Amino acid sequence: MHLRGVWRLVLIDALTTAVLLSLWYLYFARYNRRRGVLALRRVGAACDGQGRIVDARWLGACRLQARLHFAARWFEDVHVTVRLLPRPLPLQWLSSLWRKNKETLTFEADLDYAPSFQLEVFRHRWLTNQRIRVAEGSRDWSVCRPGPVVLTTRTDWTQELTPVVNSLINSRKSDLLSVRFGAESPHLVATVALESLSDEQAAAGFLGIMRELAAGASTFRHKS
């Protein structure tokens, strides 16, 4: 009888845990869906009649992918992927928070002209809120605000890269995490922090940066 009571308690605990995990999954899966759809709507509204969302589908509870079509020949075969934190899965969510993973939106598209160069750009920012203590009696210090610094592994710098890098420098206020150009499809892949697309205006600014990057990559092809 005592053993039967123990098993009954174990079964009750197991059922309770299963119900709680199911409710957790359903609630946060629905939360992720609302968040993903909202981000996609902002991108669609930011197209301002020049483009539209053709279709969208969920690839699991944390990834939403959509295909866009633009009336003007800015881009071809455009895909947008929204990657959300795995909130429905508690252990994976905690792991993501521990690693400080970000929710992102990735823009993939082909250009009118395939870039003749291979370029991957990763943006890093170093910030500090600590005051720098200068010893009393030391010489006067002059503090200046430096501009963006480009660190590259390329041994040769072609003129084709200049318009693209200038566009990236001018877009430093945005939260672009990475940008990749390549000769193979997709020609342009850019990832931005989802939190930076807080409204339609921010989404329109992001699409504007994508157009500038595409124009910069095609500059020398149009001239030739």
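Observations, loosely collected:
- Residue satisfying all of: in the stretch 96-117; in contact with a Leu (Cβ under 9 Å, 6 or more places away or on another chain) and more than 24 Å from residue 41 (Cα to Cα); surrounded by the fewest Cβ atoms within 10 Å (Cβ to Cβ) among these: 97
- Selection count, the stretch 176-192, where residues are surrounded by fewer than 22 Cβ atoms within 10 Å (Cβ to Cβ) and either aromatic (Phe, Trp, Tyr) or not in a strand (DSSP E or B) (or both): 5
Okay, residues lined up against (1) surrounded by 10 or more Cβ atoms within 10 Å (Cβ to Cβ); (2) out of contact with any strand residue (DSSP E or B) (no Cβ under 6 Å at 6 or more places or on another chain); (3) modelled with pLDDT of 95 or more; (4) of a type in the set (Ser, Thr, Tyr):
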site	(1), (2), (3), (4)
2	no, yes, no, no
8	yes, yes, no, no
15	yes, yes, no, no
19	yes, yes, no, no
24	yes, yes, no, no
31	yes, yes, yes, yes
42	yes, yes, no, no
46	yes, yes, no, no
49	no, yes, no, no
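- Residue pairs whose Cβ atoms lie under 7 Å apart, separated by 6 or more positions or on different chains, with the first residue in the stretch 93-115 and within 15 Å of residue 210 (Cα to Cα) and the second part of a strand (DSSP E or B) and of a type in the set (Ser, Thr, Tyr), are 106/81; 106/191.
- Test: residue in the stretch 121-129 that is surrounded by 10 or more Cβ atoms within 10 Å (Cβ to Cβ) and at pLDDT 80 or above: yes
- Out of 74, 58, 93, sole residue that is modelled with pLDDT under 90 and of a type in the set (Phe, Trp, Tyr): 74
- Among the residues of the stretch 53-63, the one identified as β-branched (Val, Ile, Thr) and touching a helix residue (DSSP H, G or I) at 6+ places or on another chain (Cβ under 9 Å) is 53.
- Conditions (1) touching a helix residue (DSSP H, G or I) at 6+ places or on another chain (Cβ under 8 Å); (2) over 30 Å from residue 214 (Cα atoms); number of the one not met by residue 66: (2)
The values are calculated or read from the model by the stated rules, or taken from the named source; none is laboratory data. Since the model is a prediction, treat every value here as computed from it, not as a measurement. Heads up, the Cβs are rebuilt from the backbone with ideal geometry, glycines too, and the neighbour counts pull from every protein chain shown.
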